[in-house]
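Have a look at the structure below, then the notes.
The values are calculated or read from the model by the stated rules, or taken from the named source; none is laboratory data. For clarity, every value in this text was computed on a predicted model and none was experimentally measured. All Cβ positions, glycine included, derive from the backbone under ideal geometry; neighbour counts span all protein chains shown. We work out accessible area using only protein heavy atoms, side chains counted, and drop any ligands, DNA or RNA first. Shrake-Rupley method; radii C 1.70, N 1.55, O 1.52, S 1.80 Å.
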Amino acid sequence: MMKFNVPIYTAVAVIVAAMLFSCATVETPQMGPMETLRSSVILADGTPLPADGAYILLYYAADWCPYCLEYTEQLKSSYTALKSLYGRSFDLVFVGHVNDTENEQLLAFMEMGGYPFGYLPYEKREASGVMALMGEDRFYIPGLLLIDREGTVLSSSNGASIDDYVRDRPIYALQALKIQDCASCQK
C-alpha cells in the first residue's frame with residue numbers, strides 16, 4: 001500500500017491553484033494614446049521606428065490628392081534638412097487621411113513617395129487618437145500637425161476655414177521652438 005504525503009500534495013495543489021487564479025486575474029496594462037503613437041510607428045518595410053522626440057509632426061495626406069503628390073519631394077527635402085538640424089529631437093509620422101479604411105492605403109502612399117520617415121499603421125490610429133487631434137472631421141491636405149511629448153497640439157496647417165490654411169505652418173512652429181531651445185542652451 002502506497003503512503004500519501006499530504007503536506008506535499010496540499011502544497012502542490014495550493015501552488016497550482018494560485019497559478020491558475022493569478023493568470024485569470026492578471027490585467028494587461030493599457031497604453032495611453034501617446035504611448036501607442038510613440039511605440040507603433042514603423043517604416044514602409046515594417047521596421048519599428050519609435051517616435052521618441054520631444055516634438056512630433058503628424059503628416060495627413062492621401063494618394064488621391066494631387067497636392068499631396070506634388071508636395072512629396074518638398075516634404076522629403078524639408079524632412080532631411082530638419083533631421084540634419086534637429087536630429088532625434090523631433091519625428092515626422094505619416095498618419096494618412098480620415099477616409100482611409102485599411103493599412104494598405106497608408107503603405108501604398110508611403111511606398112509611392114519613397115518617404116524616409118515612418119507611418120502609423122491603420123490598426124493603431126484609433127488607440128493613438130491621431131485623427132481626433134485635428135479637432136474636426138474635415139481638414140485640408142496635405143497637412144501637418146505639430147504636437148509635443150504629451151500630445152498637446154502646438155500648431156496645425158488648418159484653421160477655421162480654407163483661408164486660414166497654411167500647409168507648412170507646423171514646420172515653421174517647430175523651427176521657432178528649436179531656435180528657442182537652442183537659445184536657452186548653455187554652452
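Worth a mention:
- Against the conditions (1) open to solvent by less than 30 Å² (accessible area, probe 1.4 Å); (2) closer than 23 Å to S39 by Cβ; (3) not β-branched (V, I, T), K178 satisfies every one except (2).
- Selection within the range 41-70: residues that are farther than 26 Å from R169 by Cβ and touching a Leu at 6+ places or on another chain (Cβ under 8 Å). The member of this set that is surrounded by the fewest Cβ atoms within 10 Å (Cβ to Cβ) is L43.
- Unmet criterion (only one of (1) open to solvent by 50 Å² or more (accessible area, probe 1.4 Å); (2) in contact (Cβ under 8 Å) with a residue 24 or more places away in the chain) for L82: (1)
- Of all the listed residues (L107, L92), the sole one being among the aliphatic types (A, V, I, L, M), closer than 19 Å to L49 by Cβ and not in a helix (DSSP H, G or I) is L92.
- Of the criteria (1) within 15 Å of H97 (Cα to Cα); (2) over 12 Å from the mean Cα position of the chain (by Cα), which one Y122 fails: (2)
- The range 110-158 - residue that is in a helix (DSSP H, G or I) and touching a residue at least 60 places away in the same chain (Cβ under 8 Å) and, of those, surrounded by the most Cβ atoms within 10 Å (Cβ to Cβ): S128
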